Each structure stands twice: as C-alpha cells, then as structure tokens.
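As structure tokens, the structure follows; a few thoughts come after it.
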Amino acid sequence: MAHLIELRNVYKIYQMGAETVHALDGINLTIDEGEFVAIVGQSGSGKSTAMNIIGCLDVPTSGTYHLGGVDVSTMKDDQQAEIRNKMLGFIFQQYNLIPKLTVQENVELPLLYAGVGAEERHHRALRSLERVGLADKRKNLPSQLSGGQQQRVSIARALAGEPSVILADEPTGALDSRTGREVLAFLQKLNAEGDTVVLITHDNSIAVKAKRIIRLQDGKIIYDGDAHDPRAVVQPEEDTEGIDGFADPAPAGEEAQA
C-alpha cells in the first residue's frame, strides 16, 4: 500500500551569490493516512521548505515527492494547483479571511474557485462550520469573531475541500496561549476523527501535541519518531539545560522562512 506522502532523497538547493545553500539536504520521509505529524525546526532548519514541497507550492531540485501515489515533484504550476485544490487543505498563522465576506462565504470561496456548484458549496461549508462549532456564526463577518474563532473558520475552509491532508503552518502563532491550546485540541480532535494532519512549527510545546515528530536541522532529518520520546525535543549541539533535560522552546515570533 502506497504512503500518502513520500519524499525520497529530496534536495532543495539555492544559489545565493557565491554561496550554495542546501535548504533540504537529501531528506527521506513518509506519512500515512490518519497520522498527526509535527515537522519541527528552528529558523533555517528547512522546515518551511519542506512545507512548501509537501504543499505543492514548490518542487525539489532533485529527488521525488509522491502525494497519494502520484509523482508531483516535476509537475508544472497549473498541475500543482490542481493537486493542491483536490488533496490539500491549508491552515496558516494569519487567517487570510476576506473582511467583507461572511463566515460562510469565506469557507465557500475556495470551492467557488474549484468550480463546485452552489448547492454543494453551501452543503460543504455548513457541514465544515458545524464540525468546528461555528454554524451559528455563518452570517457574521470575520471582524465580529475572536481570533480563535477566525482560526476555526480557516480550519473549516480547509475542511470544506475534503482534503487528503490538512497542512497547518504555525496555526497558533497569532493567538494567545489559551486560545492556541484550544486550536491544537481541535486539530487533535480532527485527527481522532480520521483526518491526516501535518503541523509545521518551531515550538516544542506545540509539536508534542502531535503523535509523531520529524525534527529538521540544517536541511537534514535528525529525529523521526514518537512525539513523547524525550529525544523528540532535545536538540543536539544546543543548550539542553532546560527543565527536566528538555531544550527550552524558542520564544514566540522568532520564526522566519527556512
């Protein structure tokens, strides 16, 4: 049985002046249907590059990426866009909601672009809003919602496309700690209901909410395993004098593109 996500010997190399940067340096990973995986690393580790390739927003310099058994590593932009629409649901740090549209209209918008008919759009949007507990807010504008509610709308928007993978990039970065915990608990709930979730973060305290952690450093995978194993959050060649031998998580907002 094919893996849902499979990266084999993937390199992403950038030329920056005289310097050659290996953003990804020959990584191999697989993710199966129904998993909840956190891809973790500090700025420059390669995690944002990995997210862009997994999300069909970029292609490897070399190596292969199969999504749902299909090789997407050499696809052109329009082909990748089609795959994104069909198989991937994105949740970002910034909610990216359209201020003048209602909650339901925001959830329906990607379906409109995908050519889904009006009746089916309404049905999917309402079903997704019910899953995130916001069906009663469907006629509200984003400005009438709290930050946590807006992020749940963005989750509903991702779910409405019925994706194979939910790809969450620092989904709690714009939220206070309590609201952030609520959003993470909701992602755990979605996973318990069978959704495949890939979480991108720099924060160990967020990563351990997943079931499996893939840790990147300098474009290489340095850990891939159980999220509750202490080795998942202890980083080699760094200060690990934190509480109980765990590395101290980076301060919020210290993230940059890999």
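Would a scan of the stretch 174-182 turn up a residue that is crowded, with 19+ Cβ neighbours inside 10 Å and either in contact (Cβ under 8 Å) with a residue 40 or more places away in the chain or within 29 Å of ALA38 (Cβ to Cβ) (or both)? Taking every residue of the stretch 174-182 in turn, at least one turns out to be crowded, with 19+ Cβ neighbours inside 10 Å and either in contact (Cβ under 8 Å) with a residue 40 or more places away in the chain or within 29 Å of ALA38 (Cβ to Cβ) (or both).
Give the stretch 125-137 a look and list any residue that's buried (at least 16 other Cβ atoms within 10 Å of the Cβ) and either at pLDDT 95 or above or not charged (D, E, K, R) (or both), or say none.
Passing the criteria: ALA125, LEU126, SER128, LEU129, VAL132, LEU134, ALA135, LYS137.
Residues considered: SER143, SER154. Of these, the only one that is touching a strand residue (DSSP E or B) at 6+ places or on another chain (Cβ under 6 Å) and either without any contact (Cβ under 8 Å) to a residue 12 or more places away in the chain or not β-branched (Val, Ile, Thr) (or both) is SER154. Residue pairs whose Cβ atoms lie under 9 Å apart, sitting 6 or more positions apart in sequence or on different chains, and linking a residue in the stretch 222-244 that is over 19 Å from GLU35 (Cβ atoms) to a partner that is assigned to a helix (DSSP H, G or I) and modelled with pLDDT under 55, are PRO230/ASP244; PRO230/GLY245; VAL234/GLY245.
Among LEU112, LEU159, LEU167, LEU129, which is the only one that is within 23 Å of the chain's Cα centre (by Cα), without any contact (Cβ under 8 Å) to a residue 12 or more places away in the chain and not in a loop (DSSP other than H, G, I, E, B)? Selected residue: LEU112, the only one of LEU112, LEU159, LEU167, LEU129 that is within 23 Å of the chain's Cα centre (by Cα), without any contact (Cβ under 8 Å) to a residue 12 or more places away in the chain and not in a loop (DSSP other than H, G, I, E, B). Among ARG127, ARG84, ARG131, which is within 26 Å of GLN188 (Cβ to Cβ) and touching a Cys at 6+ places or on another chain (Cβ under 6 Å)? When all the criteria are applied, what remains is ARG84. Residues that are assigned to a loop (DSSP other than H, G, I, E, B), modelled with pLDDT of 90 or more and of a type in the set (S, T, N, Q) were ranked within the stretch 42-95; the one that is farthest from the chain's Cα centre (by Cα) is THR61.
Taking the stretch 192-202 as the range and being open to solvent by less than 10 Å² (accessible area, probe 1.4 Å) and not in a loop (DSSP other than H, G, I, E, B) as the test, the residues that pass are VAL197, VAL198, LEU199, ILE200, THR201. Taken together, the residues in the stretch 203-228 that are assigned to a strand (DSSP E or B), surrounded by fewer than 22 Cβ atoms within 10 Å (Cβ to Cβ) and not acidic (Asp, Glu) amount to 7.
For every residue, the table says whether it meets (1) aromatic (Phe, Trp, Tyr); (2) over 18 Å from ILE214 (Cα atoms); (3) surrounded by fewer than 19 Cβ atoms within 10 Å (Cβ to Cβ); (4) touching a helix residue (DSSP H, G or I) at 6+ places or on another chain (Cβ under 9 Å).
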position	(1), (2), (3), (4)
TYR11	yes, no, yes, no
ALA23	no, no, no, yes
ILE39	no, no, no, yes
SER45	no, no, no, no
SER48	no, no, no, no
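The condition of being modelled with pLDDT of 90 or more and among the small types (Gly, Ala, Ser) does not hold for GLY115.
The values are calculated or read from the model by the stated rules, or taken from the named source; none is laboratory data. Just so we're clear, the structure is a prediction, and the values are computed from it rather than from any experiment. Glycine gets a Cβ as well: all are built from the backbone with ideal geometry, and neighbour counts include every protein chain shown. The protein model used for the area step is the full one, side chains on, heavy atoms only, and it has no ligands, DNA or RNA in it. Shrake-Rupley method; radii C 1.70, N 1.55, O 1.52, S 1.80 Å.
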